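One structure below.
The values are calculated or read from the model by the stated rules, or taken from the named source; none is laboratory data. In this text, all values refer to a predicted model and were calculated from it rather than measured experimentally. Cβ placement follows ideal geometry from the backbone for every residue including glycine, while neighbour counts extend to all protein chains displayed.
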Amino acid sequence: MDSAYLHPIETCLGIALYGVTFAALASVLGDFHVITAITTFVAFSAINQHNHDLMEVDHFPFKYLKYMSDMHHVHHARFIGGNFATISLLYDWLFGTYDTGNGWGKHKRSPAPQTEAL
């Protein structure tokens, strides 16, 4: 249901960013074969789709994919909650927007105090 929060311009900008990146790499590295363009687009789409599913698999290599999907759901729970990267959490970690559920940067929340049960 998170697609209700997705504006069509966001989708267009995401696809345009992919296209610009592909074109920039082609200008630096030389022409790519059409199969390369199709394969990378399918891989990009599959990873992006996986970020929005709730796959429950706890064995390698899907354990990391499940974790990545869970962290992306933190992003959808609070849209200022960080975890903005779609392919890897590496960029969120590098730029300080990695969020495990407690917020990030100026949005960081301190954990609730623990109370003892009587």
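Figures for the structure shown
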{"item": "Test: residue in the stretch 17-38 that is out of contact with any strand residue (DSSP E or B) (no Cβ under 7 Å at 6 or more places or on another chain), outside any helix (DSSP H, G or I), in contact (Cβ under 8 Å) with a residue 12 or more places away in the chain and surrounded by 10 or more Cβ atoms within 10 Å (Cβ to Cβ)", "result": "no"}
{"item": "Among residues of the stretch 82-112, those that are modelled with pLDDT of 75 or more and outside any loop (DSSP other than H, G, I, E, B), counted", "result": "6"}
